[in-house]
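The values are calculated or read from the model by the stated rules, or taken from the named source; none is laboratory data. This is a predicted model, so every value here is computed, not measured. Cβ placement follows ideal geometry from the backbone for every residue including glycine, while neighbour counts extend to all protein chains displayed.
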Amino acid sequence: MNQVIVRYKVKPHRAAQNVELVRAVYDELGRMRPAGLRYATFQLDDGVSFVHVAVNETDSTRSPLTEVAAFAEFQREIADRCEEQPRVTEVRSVGAYRFFDRG
């Protein structure tokens, strides 16, 4: 299992666009329903900082996100949208309570 957290800050005038691109990823994920992927995105209270949490539960080192066209579109101009570039950190879960469950 691979778990990562990605943090970045967009330029203020690009925040709404970033939200739209992120939502498009979730729309496509909802249609595709890729197995072995747990994924969440959070917008911080400053309105320009974002945190993505991705868990790849498959046997592959390649994330199921790489198969999502909307994710490729999200990444396409990320460097230009950002004031602080994405920082990817691999993490190990110490504990969680219903973090990804809806029930």
Original post:
Are any residues in the range 77-103 among the basic types (Lys, Arg) and more than 20 Å from Pro12 (Cβ to Cβ), and if so, which ones?
Top reply: Arg92, Arg98, Arg102
Original post:
Which of the residues belonging to the range 59-69 are modelled with pLDDT of 90 or more and surrounded by fewer than 19 Cβ atoms within 10 Å (Cβ to Cβ)?
Top reply: Thr66, Glu67, Ala69
**OP:** State whether one or more residues within the range 15-33 are touching a residue at least 60 places away in the same chain (Cβ under 8 Å) and among the charged types (D, E, K, R).
**Re:** no
Original post:
When only residues in the range 39-57 that are more than 16 Å from Thr89 (Cβ to Cβ) and surrounded by 15 or more Cβ atoms within 10 Å (Cβ to Cβ) count, which is nearest to the chain's Cα centre (by Cα)?
Top reply: Gln43
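Kindly evaluate Arg31 against the criterion of being among the basic types (Lys, Arg), surrounded by fewer than 16 Cβ atoms within 10 Å (Cβ to Cβ) and part of a strand (DSSP E or B).
Answer is no for this residue.
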**OP:** Taking Ala70 as the residue in question, decide whether it is in a loop (DSSP other than H, G, I, E, B) and either within 14 Å of Gln3 (Cα to Cα) or touching a residue at least 12 places away in the same chain (Cβ under 8 Å) (or both).
**Re:** no
**OP:** Would you check if there is a residue in the range 94-101 being in a loop (DSSP other than H, G, I, E, B) and touching an Asp or Glu at 6+ places or on another chain (Cβ under 8 Å)?
**Re:** no
